[in-house]
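Okay, so here's the structure we're looking at.
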Amino acid sequence: IVTLAFASALATSAQNSESLVVSIPFEFSIAGKTLPAGEYIVTRATQNDQTTMSIKNANGKGSAIVMPKTVDANERQRQSRLVFNRYGSHYFLSQVWTSGQDIGRELYKGKQERSLEMELAKNNAKPETVAIVAMAR
């Protein structure tokens, strides 16, 4: 039983330390910053911190560190993906999901996104959701 528990803990640890690589074809906002289109690496900000997330452009053209909240899914995710809220031509990173997990990370909406959301609500409209598949690394 102890061996099984230890193996399970190692597997969970390996999954949690996994980074995601994703090619984002549009400019997007995160944590008050606008980042260019490109390839990004999403990881935990530090090995000891399960909550803080880092997203870095693979070419060094932008990065952000955020503290998202945990969200539950009804089932384990089949694919890793980043989910964006789209308001016209503005994209905001909203959620990060990792394959094999039944929890994800959801970013808090900033001032600009809340403002755009209120504008849409005046017209009884909602933002479009755009998901982009990410690969584990």
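Measure out, as a whole number of angstrom, how far apart the alpha-carbon centroids of region 82-137 and region 23-65 sit.
Comparing the Cα centres of region 82-137 and region 23-65, I get a distance of 14 Å.
Would you mind working out the accessible area per residue for the chain, using a 1.4 Å probe, and quoting it in Å²?
63
Could you look at region 65-137 and say what percent of its accessible area is carbon and sulfur, using a 1.4 Å probe and all protein chains?
Percent of accessible area from carbon and sulfur atoms in region 65-137: 47.
If one puts a single equal scatterer on every Cα of the chain and applies the Debye formula without solvent, what log₁₀ I(q)/I(0) results at q = 0.20, 0.21 Å⁻¹?
One equal scatterer on each Cα of the chain leads to -1.24, -1.34.
Pull up all non-local amide H partners of R44: gap of 5 or more, or a different chain, and H-to-H distance under 5 Å with H placed in the peptide plane.
Amide H neighbours of R44, under 5 Å, 5+ apart: S54.
At 4 °C and 1.567 mPa s, grab the translational diffusion coefficient of region 77-137 from Stokes-Einstein with a Kirkwood Rh over Cα pairs, rounded to a whole number in µm² per second.
Answer, rounded: 104 µm²/s.
Which of K56, K69, K122 ends up with the largest GNM mean-square fluctuation for the chain, with Cα atoms connected below 10 Å?
K122
Under the rule of at least 5 residues apart or a separate chain, name every residue whose amide H is placed under 5 Å from the amide H of A131.
Those qualifying (amide H under 5 Å, at least 5 residues apart or on another chain) are F84.
Ignoring everything except DSSP H segments at least 4 long, calculate the 222 nm mean residue ellipticity for the chain; use -39,500 (n - 2.57) per segment, divide by total residues, nearest 500.
-6500 deg cm²/dmol
Would you mind checking which residues have amide H under 5 Å from S19's amide H? H placed 1.01 Å from N; only 5 or more apart, or other chain.
Under 5 Å from the amide H of S19 lie the amide H atoms of R137, each far enough along the sequence or on another chain.
How much of the DSSP beta bridge set in the chain is antiparallel, as a percent to the nearest 5?
Around 100 percent antiparallel, to the nearest 5.
The values are calculated or read from the model by the stated rules, or taken from the named source; none is laboratory data. This structure is a prediction, so every number in the text was calculated from the model and none was measured. What goes into the accessible areas is simple: the full protein's heavy atoms, side chains included, and nothing from ligands, DNA or RNA. Shrake-Rupley method; radii C 1.70, N 1.55, O 1.52, S 1.80 Å.
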